[in-house]
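The values are calculated or read from the model by the stated rules, or taken from the named source; none is laboratory data. These figures come from a predicted structure and were not determined experimentally. Note: ideal-geometry Cβ built from the backbone for every residue, glycine included; neighbour counts use all protein chains shown.
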């Protein structure tokens, strides 16, 4: 324990943290919403999930409420929820459109959201109805700054 104390004391002088995972990862070619969802756009198709930052704050995810295939989603509105050991949080859609696929694996393995938020832990795929909405989202650099500011408060 003494060495851990020393390490954390040294870390505080160096302005790093020995206990946190460090700043959450952000993927460059994705777009981000202020409510901590990411979207990967390919033509008028979008894959949506929650960010590493969001899953880190939530803690261990125990259940993901998924919408039905064919359901409509609206930018900024909730389409489902993520339940963790700490809290239940709505998942908001970063774009409007129609759900064309849901990640069924999350029903039996909700922890994929924690372990692989940008790959295996994706939540839904949407056919975008208005591709112009994407321009209102943040890029990776803007999102990183947004998270840093939010964590200060």
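Between residues in the stretch 42-65 that are at positive phi and residues that are part of a strand (DSSP E or B), which pairs lie under 7 Å by C-beta distance while being six or more apart or on different chains?
59/84
For the stretch 124-143, give me each residue that is closer than 15 Å to residue 33 by Cα and in contact with a helix residue (DSSP H, G or I) (Cβ under 9 Å, 6 or more places away or on another chain).
137, 138, 143
Of the numbered conditions (1) over 15 Å from the mean Cα position of the chain (by Cα); (2) without any contact (Cβ under 8 Å) to a residue 40 or more places away in the chain; (3) surrounded by 13 or more Cβ atoms within 10 Å (Cβ to Cβ), residue 83 satisfies every one except a single condition; which is it?
(1) is the only condition that residue 83 fails.
Restrict the check to the stretch 66-75 and report whether at least one residue is touching a helix residue (DSSP H, G or I) at 6+ places or on another chain (Cβ under 9 Å) and either under 18 Å from residue 120 (Cα atoms) or modelled with pLDDT under 95 (or both).
Within the stretch 66-75, one or more residues are touching a helix residue (DSSP H, G or I) at 6+ places or on another chain (Cβ under 9 Å) and either under 18 Å from residue 120 (Cα atoms) or modelled with pLDDT under 95 (or both).
Would the stretch 47-55 turn up any residue that is at pLDDT 95 or above, surrounded by fewer than 14 Cβ atoms within 10 Å (Cβ to Cβ) and either in a strand (DSSP E or B) or in contact with a helix residue (DSSP H, G or I) (Cβ under 9 Å, 6 or more places away or on another chain) (or both)?
no
Checking the conditions here, which among 76, 70, 111, 97 is crowded, with 20+ Cβ neighbours inside 10 Å and over 23 Å from residue 152 (Cα atoms)?
One residue alone meets the criteria, 97.
Determine which single condition residue 120 fails, assuming it passes every other condition in (1) touching a helix residue (DSSP H, G or I) at 6+ places or on another chain (Cβ under 9 Å); (2) modelled with pLDDT under 95.
(2)
Could you figure out which of (1) in contact with a helix residue (DSSP H, G or I) (Cβ under 8 Å, 6 or more places away or on another chain); (2) surrounded by 22 or more Cβ atoms within 10 Å (Cβ to Cβ); (3) more than 19 Å from residue 25 (Cα to Cα) isn't true of residue 61?
Going through (1) in contact with a helix residue (DSSP H, G or I) (Cβ under 8 Å, 6 or more places away or on another chain); (2) surrounded by 22 or more Cβ atoms within 10 Å (Cβ to Cβ); (3) more than 19 Å from residue 25 (Cα to Cα) one by one, residue 61 breaks only (3).
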